[in-house]
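Taking it in order: structure first as structure tokens, then the write-up.
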Amino acid sequence: MSTRKETAGEDPIIESRAQLISLFEKGEKPADRWKIGTEHEKFVYRFLDHRAPSYDEPGGIRDLLDGLREFGWEPVEEGGKVIALAGSDGTISLEPAGQLELSGAPLDNLHETCAETGRHLEQVKAVGDRLGLGFLGLGMWPDKTREELPIMPKGRYGIMLRHMPRVGSMGLDMMLRTCTIQVNLDYSSEARMVKMFRTSLALQPLATALFANSPFTEGKPNGFLSYRSHIWSDTDPHRTGMLPFVFEDGFGYERYADYALDVPMYFVFRDGKYIDAAGQSFRDFLDGKLPALPGERPTMTDWADHLSTAFPEVRMKSFLEMRGADGGPWNRICALPALWVGLLYDDTALDAAWDLVKDWTMEERETLRNEVPRLALRAPVPGGRTLQDIAPQVLAIARAGLAARARLNSIGENEGGYLSALDEVVSTGRTHAERLLERYNGAWSGDISKVYGEESF
């Protein structure tokens, strides 16, 4: 989740509907300026006992952040505590229970993305080894209860933790026990955004299936392959899901703004502090009638903050965010952006991907979304097929899209090689989650602690 900083300079008060739309319009860039922003989270644990470290304890999260400063990262504070780091490779931030996230810098190509990922993992491992900390690449804590996990000192998390049980049964699990990989992508126009949004939203369950990596809860198989994805089905219905309106005639910036206005608020940030506005209306805020700040009207930064509190499968801010994938090993971190860049950044690839899904009904898309956490590639798609049937075609489209981009590394290779981590999944139909379950029931003899030795970075 994003880390809020004090805004420097002018922050206009919103006085018109056009200003709401302008945030999306300002995201438009010509194709030659499109960038790739990759975000990935991992669990932090102590080597000694696999416990999740607290913020303040010796050798804990605070010391981890402090140690990373030797690589040029600069601290970002909230309430006198370092809660993030900023640097040339983006931002390192904390998720609610101490999951460590890199929100990478906007980069030109996937070679740069994978190099950035490698630098980050090398840095955290160097500091972690000194502190006795390891890093686990899964979509969900395999063995921890909610009660065993620490809470990080970020104001927005306190507000969210109080609010989540009011609106869903698994919101606390989402915050405390999950990790993801995401990629943020640009668009050139409203029409291009619409086509990218529709295509990626329809295919987001395929990403969930390909990256399924959360089959355990509290030390036992949970009956799902992506339990992280299942958690989102009962987190908060007002801010999650497959957004049927995206596929309706007339969808564009204005319709998404209306959706976001109807998402209940979490907070307002003022004078370095988060003010609890959970469940209140941004529409009331526009009218100066927000109970949390009576008489005040929102700024453009307030609007950007609010957009970050919607959690659909694909999210729009001034770019599009792909949100369907579980956290995983390092090669998957490179593969996730490769999949979406290949499908969405090349015109021919985008046309081909849209042709695959354009005739699906909303009911069919919802059925797929509901089934994929449990079935992964066996989940049904229209025409009596499964995701396994269309996955080779989608991967081929993505690979062709990357070849067409012709972003070459120093030895003349294009970006298509980053998809190789998915080739075996697609060819066999067996996800990483299923391989973990095989080991759990076989070589591990039901001992979940073995996962730390085999799935750590």
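The values are calculated or read from the model by the stated rules, or taken from the named source; none is laboratory data. Computed from a predicted model, the values in this text were never measured in an experiment. Using ideal geometry, Cβ is built from the backbone for each residue, glycine included, and neighbour counts are taken over all protein chains shown.
Take the residues of segment 209-226 that are over 19 Å from Thr367 (Cβ atoms) and of a type in the set (Phe, Trp, Tyr): which is farthest from the chain's Cα centre (by Cα)?
That would be Phe216.
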Set Asp346, Asp326, Asp359: member being among the charged types (D, E, K, R), under 30 Å from Leu261 (Cα atoms), touching a residue at least 12 places away in the same chain (Cβ under 8 Å) and crowded, with 18+ Cβ neighbours inside 10 Å: Asp326
Failed condition for Ser456, given (1) over 21 Å from Met140 (Cβ atoms); (2) buried (at least 17 other Cβ atoms within 10 Å of the Cβ); (3) out of contact with any helix residue (DSSP H, G or I) (no Cβ under 8 Å at 6 or more places or on another chain): (1)
Selected residue [touching a His at 6+ places or on another chain (Cβ under 9 Å), in contact (Cβ under 8 Å) with a residue 40 or more places away in the chain and of a type in the set (Val, Ile, Thr)] from Thr113, Thr117: Thr117
Val246 vs. criteria more than 16 Å from Glu366 (Cα to Cα), β-branched (Val, Ile, Thr) and not in a strand (DSSP E or B): no
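Conditions (1) closer than 30 Å to Tyr253 by Cβ; (2) of a type outside the set (Ser, Thr, Tyr); (3) part of a helix (DSSP H, G or I), marked per residue:
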{"position": "Leu20", "(1), (2), (3)": "yes, yes, yes"}
{"position": "Phe24", "(1), (2), (3)": "yes, yes, yes"}
{"position": "Thr38", "(1), (2), (3)": "yes, no, no"}
{"position": "Glu57", "(1), (2), (3)": "no, yes, no"}
{"position": "Val82", "(1), (2), (3)": "no, yes, no"}
{"position": "Ala86", "(1), (2), (3)": "yes, yes, no"}
For Cys114: the one exception among (1) in contact with a strand residue (DSSP E or B) (Cβ under 7 Å, 6 or more places away or on another chain); (2) surrounded by 22 or more Cβ atoms within 10 Å (Cβ to Cβ): (1)
Any hit, segment 368-379, residues being at pLDDT 95 or above and part of a loop (DSSP other than H, G, I, E, B): yes
Count - residues of segment 197-236 that are polar (S, T, N, Q), closer than 24 Å to Ser427 by Cα and part of a helix (DSSP H, G or I): 5
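Take segment 218-238 and flag every residue that is surrounded by 20 or more Cβ atoms within 10 Å (Cβ to Cβ) and not aliphatic (A, V, I, L, M).
Of everything in segment 218-238, those that are surrounded by 20 or more Cβ atoms within 10 Å (Cβ to Cβ) and not aliphatic (A, V, I, L, M) turn out to be Phe224, Ser226, Tyr227, Arg228, Ser229, His230, Trp232, Thr235, Asp236.
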Test set (1) of a type in the set (Asp, Glu); (2) touching a strand residue (DSSP E or B) at 6+ places or on another chain (Cβ under 6 Å); (3) within 30 Å of Gly401 (Cα to Cα); (4) surrounded by fewer than 19 Cβ atoms within 10 Å (Cβ to Cβ) - Glu39 fails condition number: (4)
Residue check, Asp271 at pLDDT below 95 and over 25 Å from Arg33 (Cβ atoms): yes
Scope segment 263-290; condition among the aliphatic types (A, V, I, L, M) and more than 18 Å from Ile13 (Cβ to Cβ); matching residues: Val263, Ala278
Test: His40 is touching a residue at least 40 places away in the same chain (Cβ under 8 Å) and over 30 Å from Leu339 (Cα atoms): no
Complete set of residues in segment 409-427 that are over 24 Å from the mean Cα position of the chain (by Cα) and either surrounded by 20 or more Cβ atoms within 10 Å (Cβ to Cβ) or in contact (Cβ under 8 Å) with a residue 40 or more places away in the chain (or both): Asn409
Any hit, segment 407-420, residues being in contact with a helix residue (DSSP H, G or I) (Cβ under 9 Å, 6 or more places away or on another chain), small (Gly, Ala, Ser), outside any helix (DSSP H, G or I) and more than 26 Å from Leu121 (Cα to Cα): no
